[in-house]
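*Asks:* Have a look at the structure that comes next, please.
The values are calculated or read from the model by the stated rules, or taken from the named source; none is laboratory data. As the structure is a computational prediction, the values presented were derived from the model and not from experiment. Neighbour counts are summed over all protein chains in view; Cβ atoms, including those assigned to glycine, are modelled from backbone coordinates with ideal geometry.
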Amino acid sequence: MLEVGNKAPEFTLTDKDGNSVSLKDFIGKKIVLYFYPRDNTPGCTKQACAFAAAYDDFKAKNVQVIGISKDSVASHVKFAEKYDLPFILISDPDRVAIEAYGVWQEKKMCGKVSMGVVRTTFIIDEEGNIEKIMPKVKPDTNAAEILEYLG
């Protein structure tokens with residue numbers, strides 16, 4: 001399990017625009033890396049829209065926001081266009097980053113147990129180390145909590 005102070009696991013995956021994105025591309029910048037279950041679901045939409053609404057505040061602090069889910073690039077394109085999402089959305093269908101960050105876990109819903117992405121946010125410092133881990137975040141308050149933490 002990852003802990004604060006660990007080097008953030010490196011990845012190279014495709015974003016909604018078809019670009020390869022690597023964590024190392026952002027050395028020198030603080031990163032908010034948030035993992036979410038699925039595009040266009042109520043909680044994930046609330047979370048993404050909250051990040052979009054606060055995006056200028058993150059940019060002013062030189063913080064890069066990156067969302068990752070198992071959804072396809074095409075799904076991310078539709079999601080970003082529908083809700084005018086200005087930040088990077090990364091597709092991880094093979095769960096490369098999802099598993100490296102330990103967010104692929106057993107979930108219980110309506111008495112049914114299944115595996116899925118547990119909504120988790122990581123703040124990664126300018127050197128690529130994990131500064132803060134926020135497990136099981138609330139979708140509508142996650143962005144505001146991070147901004148408060150960043151000061």
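*Asks:* Could we say that Val65 is among the β-branched types (Val, Ile, Thr) and outside any loop (DSSP other than H, G, I, E, B) here?
*Replies:* It is true that Val65 is among the β-branched types (Val, Ile, Thr) and outside any loop (DSSP other than H, G, I, E, B).
*Asks:* Could you please give the count of residues in the stretch 81-97 that are among the hydrophobic types (A, V, I, L, M, F, W, C) and either modelled with pLDDT under 95 or over 25 Å from Lys59 (Cα atoms) (or both)?
*Replies:* The qualifying residues number 1.
*Asks:* Sort out which residues of the stretch 136-149 are in contact (Cβ under 8 Å) with a residue 24 or more places away in the chain and either in a helix (DSSP H, G or I) or not polar (S, T, N, Q) (or both), and write them in order of number.
*Replies:* Once the filter is applied, which keeps residues that are in contact (Cβ under 8 Å) with a residue 24 or more places away in the chain and either in a helix (DSSP H, G or I) or not polar (S, T, N, Q) (or both), the stretch 136-149 yields Val137, Pro139, Asp140, Asn142, Ala143, Ala144, Ile146, Leu147, Tyr149.
*Asks:* Further, regarding this structure: I need the full set of residues from the stretch 12-31 which are under 12 Å from Ile66 (Cβ atoms), surrounded by 12 or more Cβ atoms within 10 Å (Cβ to Cβ) and in contact with a strand residue (DSSP E or B) (Cβ under 8 Å, 6 or more places away or on another chain), in order please.
*Replies:* Scanning the stretch 12-31 gives Leu13, Asp15, Lys16, Val21, Leu23, Phe26, Lys29, Lys30, Ile31.
*Asks:* So, in the stretch 100-119, of the ones that are assigned to a strand (DSSP E or B) and basic (Lys, Arg), which residue ends up nearest to the chain's Cα centre (by Cα)?
*Replies:* Filtering first and then ranking leaves Lys107.
*Asks:* Sticking with this structure for a sec: Could you say whether any residue in the stretch 44-66 is more than 14 Å from the chain's Cα centre (by Cα), under 22 Å from Gly116 (Cβ atoms) and at pLDDT below 95?
*Replies:* For the stretch 44-66, residues more than 14 Å from the chain's Cα centre (by Cα), under 22 Å from Gly116 (Cβ atoms) and at pLDDT below 95: absent.
*Asks:* Among what's in the stretch 120-135 and is touching a strand residue (DSSP E or B) at 6+ places or on another chain (Cβ under 7 Å) and in a loop (DSSP other than H, G, I, E, B), pick the residue that is surrounded by the fewest Cβ atoms within 10 Å (Cβ to Cβ).
*Replies:* Glu126
*Asks:* Going by the conditions given, is Val77 free of Cβ contacts under 8 Å to residues at least 12 places away in the same chain, farther than 22 Å from Ala8 by Cβ and not hydroxyl-bearing (Ser, Thr, Tyr)?
*Replies:* no
*Asks:* Would the stretch 20-36 turn up any residue that is part of a loop (DSSP other than H, G, I, E, B) and of a type in the set (D, E, K, R)?
*Replies:* yes
*Asks:* Within the set of pairs 6 or more residues apart or between chains, which connect a residue that is closer than 25 Å to Val96 by Cβ and touching a residue at least 60 places away in the same chain (Cβ under 8 Å) inside the stretch 56-72 to a residue that is surrounded by 14 or more Cβ atoms within 10 Å (Cβ to Cβ) and polar (S, T, N, Q) with Cβ atoms less than 9 Å apart?
*Replies:* Hits for this filter: Phe58/Gln64.
*Asks:* Moving on to the next point. For the stretch 55-103, enumerate the residues that are within 17 Å of Val32 (Cβ to Cβ), surrounded by 19 or more Cβ atoms within 10 Å (Cβ to Cβ) and small (Gly, Ala, Ser).
*Replies:* Gly67, Ser69, Ala80, Ala97
*Asks:* Quick check on my filter: what residues within the stretch 104-124 are over 18 Å from Tyr55 (Cα atoms) and at pLDDT 95 or above?
*Replies:* Thr120
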